[in-house]
Structure formats: C-alpha cells, structure tokens
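The values are calculated or read from the model by the stated rules, or taken from the named source; none is laboratory data. Note that the structure is a prediction, hence the values are computed from the model and not measured. So basically every Cβ, Gly included, is an ideal-geometry build from the backbone, and we count neighbours across all protein chains shown. For accessibility, only protein heavy atoms count, side chains too; no ligands or nucleic acids. Shrake-Rupley method; radii C 1.70, N 1.55, O 1.52, S 1.80 Å.
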Amino acid sequence: NVMQNSSEPLFEFCKEIIDATCDEAVCFKPNIAFFERRGSKGFLEFEKVIRHLKINHSKIPIIADVKRGDLANTSKEYAKYYFDDLGVDSITLSPYMGKDTVEPFLNHSRGYVFLLCLTSNPSSDDFQKKIIQGEKIFLYEKVALFSEKLNGEFKNQVGIVVGGTHPDELGALRECCPNLVFLIPGFGAQGGALDEILLKSGQNSIINSSRSIIFSSNGKDFAESAQKKAKEINLEMKKFCLQ
C-alpha cells in the first residue's frame, strides 16, 4: 500500500527490503511471478532488482525463483537470460520433463540449480508422494536420488527444494543426500516450525523466510519492521545451533 503512488512499486519495495535486511541475509530469492503479472513493466522492475543486488550487494547470492522446466532448446534460452543477461547465481527448476531439460542449465558456466523435490504446499502429496511402481519409493525420493547423481556428474551444481512443512521427510532426505544443498521454503507464513526444520535439515541448508519478513508491517515502517523480523529469526537460529 505504501508504494501505490510509485511508478515502480515492486522495485522500490524490494530495494527497501533488500537494503534493510542485507546484513541478515545469506541470499535473496526474488520470485518472478509477482513481476510477471505486471507485464513488460514488471520484467523491467525484476531486472532492476537483480541489478541493484549485483551492484550494491554483490557478495550475497541471488536465487531466481522461476521454476522453469522445458525442452532443451528452450532451456538454453532461459539459461542465457538468467545466467548471462541477468547474472543470477542459481535458479529453481522443475525436473518433471527429465534430464535433458536440466542439462542446458548445468552446461552453463554459472549453472547452479535447485530442483523441485518435495514442495511445501498442501497439495504436494498429489504427485510427489506417489509410489513408483517396481521401485517402492516415492516420486520425491526418486527426484532426490536423481539430483544426487546429477550433482556428481556436474560438480556440485545441483541442490533440491524440500519444504519445511515436511520435517520427517526432510530428515530422511538429508540422510539419503548428505552433500546436496537444500533450499527449504515453508518456514513462517506456511507453518513450518523453525526448531523442527533446524533439527532435520543438517548442514548445507538454506532456510527461506519470505512473507513473515517482508509483510511484517504494511505501514511506512515496512522496511524497518522487516529488518527487525530478520534479526529475530537469525537470533533464534543461532540460539538453537548453540544448544
């Protein structure tokens, strides 16, 4: 609401949030959907957000949350846009169409990807928890094993997305894939409990908190409130890790 009169409301909002929370953030994960809905103006704002990060906070990695997944020739174009033109550090991908749709991103010199494995939404069970006939494992477990193998082929370029709303499965996946980096959404607004996530996630995990930070206030103090909330979450994490 406070950005309603701005000609670039998404960019201005994100810039304020980024600058206020940069000392607390290990990475930033802008979601393309909120920019796409504004059409060409939104894409320009997305690009400005990425440019602001790269110029002013160059040491903080950028995960572009774009959830792409398409034929190889199309994937090459996505890879060129996100890695070459924008210069992000990693992106989220759907592995549903198979290895040849992921490889164009990994063949890129900057190509680090997070494959959707077990997502945090309530309907993730519809497909991700279906048993693969003959193998007696869930589809999400197959994706994890696929990602582990791919990460070996492409020297530490593959991670997986595992929702913090599935703490038991998260722990089992960590035992199965000790070396993969986990991107863990679902903490905060989606109901994932931080203590459970920290207990199960292990090393090499990025625990994502979005709405509970950026929407902690809808007033003019939104950036200050986001900074305060980010500090609270970091302190909570540090206390747990020191136990």
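Sort out which residues of the range 103-118 are modelled with pLDDT of 95 or more and either in a loop (DSSP other than H, G, I, E, B) or over 27 Å from residue 168 (Cβ atoms) (or both), and write them in order of number.
Once the filter is applied, which keeps residues that are modelled with pLDDT of 95 or more and either in a loop (DSSP other than H, G, I, E, B) or over 27 Å from residue 168 (Cβ atoms) (or both), the range 103-118 yields 103, 104, 105, 106, 112.
Is it true that residue 165 is assigned to a strand (DSSP E or B) and polar (S, T, N, Q)?
No.
Looking at the range 62-70, can you tell me whether even one residue there is in a loop (DSSP other than H, G, I, E, B) and crowded, with 17+ Cβ neighbours inside 10 Å?
Looking through the range 62-70, at least one residue is in a loop (DSSP other than H, G, I, E, B) and crowded, with 17+ Cβ neighbours inside 10 Å.
Among (1) more than 14 Å from residue 115 (Cα to Cα); (2) assigned to a helix (DSSP H, G or I); (3) without any contact (Cβ under 8 Å) to a residue 24 or more places away in the chain; (4) not hydroxyl-bearing (Ser, Thr, Tyr), there is one condition residue 155 misses while meeting the rest; what is its number?
(2)
Considering (1) hydrophobic (A, V, I, L, M, F, W, C); (2) open to solvent by 20 Å² or more (accessible area, probe 1.4 Å); (3) at pLDDT below 90, say which one residue 194 fails and leave the rest.
Condition (2) is where residue 194 drops out.
Select from the range 150-165 the residues that are under 16 Å from the mean Cα position of the chain (by Cα) and either at pLDDT below 95 or open to solvent by 50 Å² or more (accessible area, probe 1.4 Å) (or both) and list them in ascending order.
163, 164, 165
Would a scan of the range 128-149 turn up a residue that is within 14 Å of residue 66 (Cβ to Cβ), β-branched (Val, Ile, Thr) and under 19 Å from the mean Cα position of the chain (by Cα)?
Taking every residue of the range 128-149 in turn, none turns out to be within 14 Å of residue 66 (Cβ to Cβ), β-branched (Val, Ile, Thr) and under 19 Å from the mean Cα position of the chain (by Cα).
Which ones in the range 76-101 are on the phi > 0 side of the Ramachandran plot and either in contact with a strand residue (DSSP E or B) (Cβ under 9 Å, 6 or more places away or on another chain) or among the polar types (S, T, N, Q) (or both)?
87
Would a scan of the range 137-146 turn up a residue that is at pLDDT below 95 and basic (Lys, Arg)?
No, the range 137-146 contains no residue that is at pLDDT below 95 and basic (Lys, Arg).
Of everything in the range 87-105 that's surrounded by 20 or more Cβ atoms within 10 Å (Cβ to Cβ) and aliphatic (A, V, I, L, M), which residue is nearest to residue 154 (Cα to Cα)?
Out of the qualifying residues, it is 102.
Considering 182, 240, 222, which residue is in contact (Cβ under 8 Å) with a residue 24 or more places away in the chain, open to solvent by 20 Å² or more (accessible area, probe 1.4 Å) and aromatic (Phe, Trp, Tyr)?
Sole residue among the options that is in contact (Cβ under 8 Å) with a residue 24 or more places away in the chain, open to solvent by 20 Å² or more (accessible area, probe 1.4 Å) and aromatic (Phe, Trp, Tyr): 240.
Checking the structure you have, find out if any residue of the range 125-133 is buried (at least 22 other Cβ atoms within 10 Å of the Cβ), farther than 18 Å from residue 210 by Cα, in contact with a Phe, Trp or Tyr (Cβ under 7 Å, 6 or more places away or on another chain) and not basic (Lys, Arg).
So far as the range 125-133 goes, no, none of its residues is buried (at least 22 other Cβ atoms within 10 Å of the Cβ), farther than 18 Å from residue 210 by Cα, in contact with a Phe, Trp or Tyr (Cβ under 7 Å, 6 or more places away or on another chain) and not basic (Lys, Arg).
Give the residue that is farthest from the chain's Cα centre (by Cα), with candidates limited to residues of the range 5-32 that are over 16 Å from residue 222 (Cα atoms), open to solvent by less than 40 Å² (accessible area, probe 1.4 Å) and not β-branched (Val, Ile, Thr).
Ranking the candidates gives 25 first.
Just one of 96, 78, 82 is aromatic (Phe, Trp, Tyr) and either touching a Leu at 6+ places or on another chain (Cβ under 6 Å) or assigned to a loop (DSSP other than H, G, I, E, B) (or both); which is it?
From the options 96, 78, 82, the qualifying one is 96.
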